[in-house]
Amino acid sequence: MTDQSKIRNFCIIAHIDHGKSTLADRIIEMTGLLTEREMQSQVLDNMDLERERGITIKSQAVRIIYRGKDGEEYIFNLIDTPGHVDFNYEVSRSLAACDGAILVVDAAQGIEAQTLANVYMALDHDLDVIPVINKIDLPSADPERVINEIEDVIGLEAQDAPQISAKVGLNIEGVLEQIVEKIPAPCGDPDAPLKALIFDSIYDPYKGVIVFCRLMDGCVKKGTKIRMMATGFKAEVVEVGYFGAGQFIPCEELTAGMVGYITASIKNVRDTRVGDTVTDDENPCAEALPGYKKVNPMVYCGLYPADGSKYGDLRDALEKLQLNDASLFYEPETSVALGFGFRCGFLGLLHLEIIQERLEREYNLDLVTTAPSVIYKVYKTNGEVIDLTNPTNLPDPSEIEFMEEPMVNAEIMVTTEFIGAIMDLCQERRGQYGGMDYMEETRALLKYKLPLNEIIYDFFDALKSRSRGYASLDYELCGYERSELVKLDILVNREEVDALSFIVHGETAYERGRRMCEKLKEEIPRQLFEIPIQAAIGSKIIARETVKAMRKDVLAKCYGGDITRKKKLLEKQKEGKKRMRQVGNVEIPQKAFMSVLKLDDK
Amino acid sequence: MREKTLMPLEIYVHIPFCIRKCDYCDFLSGPGDRTRQEAYIKALLHEIRSLPHIPNHEVVSLFFGGGTPSLLDACLIEEIISNLKEKFLFSPEAEISLEANPGTLMKEKLKVYRKAGVNRLSIGLQSADNEELNALGRIHTFEEFLEGYFLAREEGFFNINVDLMCAIPGQSYEGWIRNLRTAAELKPEHISAYSLIIEEGTPFAQRKLELPDEDTEYRMYEDTEKVLREYGFHQYEISNYAKNGFECLHNLGYWKRTEYLGLGLGAASLLAGMRFSNTRDMEEYLACSRNAEQIRKDVQLLTKREEMEEFMFLGLRMTKGIREGDFMACFGVSLRERYGAVLDKYRKTGFMEYEDGYWRFTRKGIHVSNVILAEFLAE
């Protein structure tokens, strides 16, 4: 049995780009478990996509051995956490698997909204947080300021925080020693019934689901009959082990305090939900670990294959992605404009973008996406309540008593010069001001209560562009509020284009409708007839633009009987049409459906 | 009864030389000195002599295009024609056209052309405005054109085409109509009126040009027909207008898919259900033209589907349109069965019309013919 006093389970928390992955790499390097050859540039992020975006999508873990200055050998379990608000629940479960956290703060940029959110979450989980000041090699580094900020804003003692450069490998020793000194060793009861927290799971075609867990009490080994306490799913353990760098290393047993994996020929990640408690079915623990919840999609949109014949491919791809992503939801839907596709549910906008990119990149699919929607609650006059995920399904207004929309509490960190601009933005997005805290002289934390549907609609882009990239955002769902919502329809050549309908607040409907019409006017090429583009609420037209008819397109020259060349020109013309969607008589380019998702171009 | 068994054949001869390449031109042509020209004609004669026999055909038209065929020594043209006549059976009414540029037409040349059998001249005027001519990079003035034009009349050319170009950089609607009237008043038998198209790779494509806007271009095109009608011309094809009986047979042949044989550098052919083009590489042509079949490139045997497509997008260029019965006779499939949906769509919206067995563009349709023609291509 492993001596728990020599185990340190921790994670690294940081704002995007503050150097979390780089520090993780250095720690892994310094502990000497990996040869240079084994080192990929960033070991923890093993998906290409993650590396390109500089973010970590799925949490993973690695077990490393560190020989401390005291001569003792320590087992470090470094648990990686996703760094985005969409994956807050996953982050919270990863934190729950740790006993401490390293907080990485950029020596030049200081604390960001996301840093705060993650630190508070770590403190909520009773983790000991060790601040580390990174990037001190940058000319603009100002560690003293950042130390004061950490102490003032977060209230963490930071005077002895290691000042490091993960990039050049400076003072990583200092971090390792503090992990040994400051992060408490686990103190579970190895003789108690098995109680393990699932903090991630992945699907492997050979082993089935691989469950990542932290053992709180008891032990598990091959042959143990386990039970997931929330889902009730039972299985017999086939293998247990721990995490080498990028590989699974089987071992005899996992005991209290350890971090490792379990396989049990499980076919579906939905049976091994993050946050669930694994126990021994024959000797179960008295109660499950707290904090489990089933994560539900918050944002929905329609995904359609650009080429209708690829519907089957899209379905297969979604099925495969779902094997590894229990929070991805999809069901078939049909659009008059876009044909056969899927209504998909996501944890948030980033999750949506990641799935969309993976479908396009890994599965080579060309997609058309409809405007993302949140889940509205529709209270009907007959007492029925519907969760509405697709605007097209909104009942007739006469049947609607009232509607509610999801709200979020948002915290926006911004430098003082942009406070005005960001407050304007939040105001435009129907935000309710909830206060402002100054972090330091030049930076403030703005608090707003905002409708989620205003955030999923190009809010990030607007935030970045209005603060020249300096603002950062964090938010959490805080229930539903009654709201005057209307369905805005877009009519192209007097025909409603279902894929362009969306739900919007009555007050902003005019503005939104007007801008959508303007944008569509730019995107829809002229055709042989005049095309009115209208925005309507019910039967009332609130905005209109017109795409003028094409007047002249004559290919006059045809010389010396070079017919082949002429045909090529016509074929090119025809080819252009292929990328269009036929709605009534009008051909609408696929990118027009997407262009209306981003209208804030200030 | 002899005529009935003979199939019509057209011949196109490419002369890829000009004094100076115009700034908008993307044809296979360029300057060439006398030695080069002579070498080329020699190669061309080799090609003609090495041509395989094409039985049961009668040449109904011969067209010298370029470049500037009138740049050559007239006796070279004469030699080409006499070689062709040795090789092929010419119809007594064969139309023999030659493209000429103003400034290259001399009395002696014209006499030789007549003698050789050339009975139609196509003169590239492009504009009656010397500033516009200059802007196009043309080497001649309107006055030089007049001189050549009247000389040709004196020498007995009673079938003359004048090429005009609209939508020239800086050209106004009024300027175009003025050009048109000036040309029409000279009473040529035929006027070709093209819109300038900016082609990739030409000097024009690199310049920032002040081109007439779409509405102006629309009016230019729309009123060309009206103005020329006043002078007794009728439009018979998208860009061609003629006095009665003076439609260019050679051009019509392309739209009717008459078989044609292209000779010379880069020249295209339609023969025995195949399309092909001669090499565009001058050195290869000079070296290999003795073997007419070896220099043929991009040989494409047309499928029935492709032939149907061509029938439509070529035939519909003629204002008379295409005859339903011809389609049936050619393909054994009814036109409606094959293209009914597209035709009906455009008839309903007023872009096409059907009358006495013919499908054709309406005035409204002809302006946007390109968009519609593309729809006759298969998916």
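The values are calculated or read from the model by the stated rules, or taken from the named source; none is laboratory data. Everything numeric in this text was worked out from a predicted model, so none of it was measured. Cβ atoms come from the backbone with ideal geometry, glycine included; neighbour counts cover every protein chain shown.
Worth pointing out:
- The condition of being more than 7 Å from every other protein chain (Cβ to nearest Cβ), at pLDDT below 90, part of a helix (DSSP H, G or I) and in contact with a Lys or Arg (Cβ under 9 Å, 6 or more places away or on another chain) holds for only one of A:Lys572, A:Lys566, that being A:Lys566.
- Taking the range B:151-270 as the region of interest, the helices (runs of 4 or more DSSP H) fully inside it that hold 2 or more residues being more than 30 Å from B:Ala292 (Cα to Cα) and facing chain A (nearest Cβ under 9 Å) are B:214-230.
- Search result, residues across the range A:329-367 that are of a type in the set (Ser, Thr, Tyr) and without any contact (Cβ under 8 Å) to a residue 60 or more places away in the chain: A:Tyr330, A:Thr334, A:Tyr363
- Considering A:Glu530, A:Glu545, the condition of being away from chain B (no Cβ under 14 Å), acidic (Asp, Glu) and on the phi < 0 side of the Ramachandran plot is satisfied by A:Glu545 alone.
- Matching strands (runs of 3 or more DSSP E) fully within the range B:285-379 where at least 3 residues are within 14 Å of another protein chain (Cβ to nearest Cβ): B:296-301
- In the set (1) modelled with pLDDT under 95; (2) closer than 22 Å to A:Lys310 by Cα; (3) not small (Gly, Ala, Ser), the condition left unmet by A:Ile375 is number (2).
- Total residues in the range A:74-119, condition over 22 Å from A:His351 (Cα atoms), in contact with a helix residue (DSSP H, G or I) (Cβ under 8 Å, 6 or more places away or on another chain) and assigned to a strand (DSSP E or B): 12
- The listed residues are A:Val492, A:Val547, A:Val504, A:Val497, and the only one of them that is of a type in the set (Val, Ile, Thr), surrounded by 19 or more Cβ atoms within 10 Å (Cβ to Cβ) and under 30 Å from A:Phe418 (Cβ atoms) turns out to be A:Val504.
- Residue under evaluation A:Val368, criteria (1) over 29 Å from A:Asp204 (Cα atoms); (2) more than 21 Å from the chain's Cα centre (by Cα), criterion not met: (2)
- Residue check for B:Glu222: under 15 Å from B:Gln171 (Cα atoms) and touching a residue at least 24 places away in the same chain (Cβ under 8 Å): no
- Only listed residue being without any contact (Cβ under 8 Å) to a residue 60 or more places away in the chain and crowded, with 16+ Cβ neighbours inside 10 Å, chosen from A:Lys447, A:Lys487: A:Lys447
- Pair list, Cβ under 6 Å, 6 or more apart: the range B:240-253 residue buried (at least 22 other Cβ atoms within 10 Å of the Cβ), other residue part of a loop (DSSP other than H, G, I, E, B): B:Tyr241/B:Phe233
- Residue match in the range A:394-404 (condition: assigned to a strand (DSSP E or B) and surrounded by fewer than 14 Cβ atoms within 10 Å (Cβ to Cβ)): yes
- Qualifying residue in the range B:226-245 (condition: outside the structural domain of B:Phe311 (by TED's automatic domain parsing), closer than 15 Å to B:Phe63 by Cα and of a type in the set (S, T, N, Q)): no
- When restricted to residues that are buried (at least 16 other Cβ atoms within 10 Å of the Cβ) and in a helix (DSSP H, G or I), the range A:519-538 contains 4.
- Residue match in the range A:126-149 (condition: in contact with a Leu (Cβ under 7 Å, 6 or more places away or on another chain) and surrounded by fewer than 19 Cβ atoms within 10 Å (Cβ to Cβ)): yes
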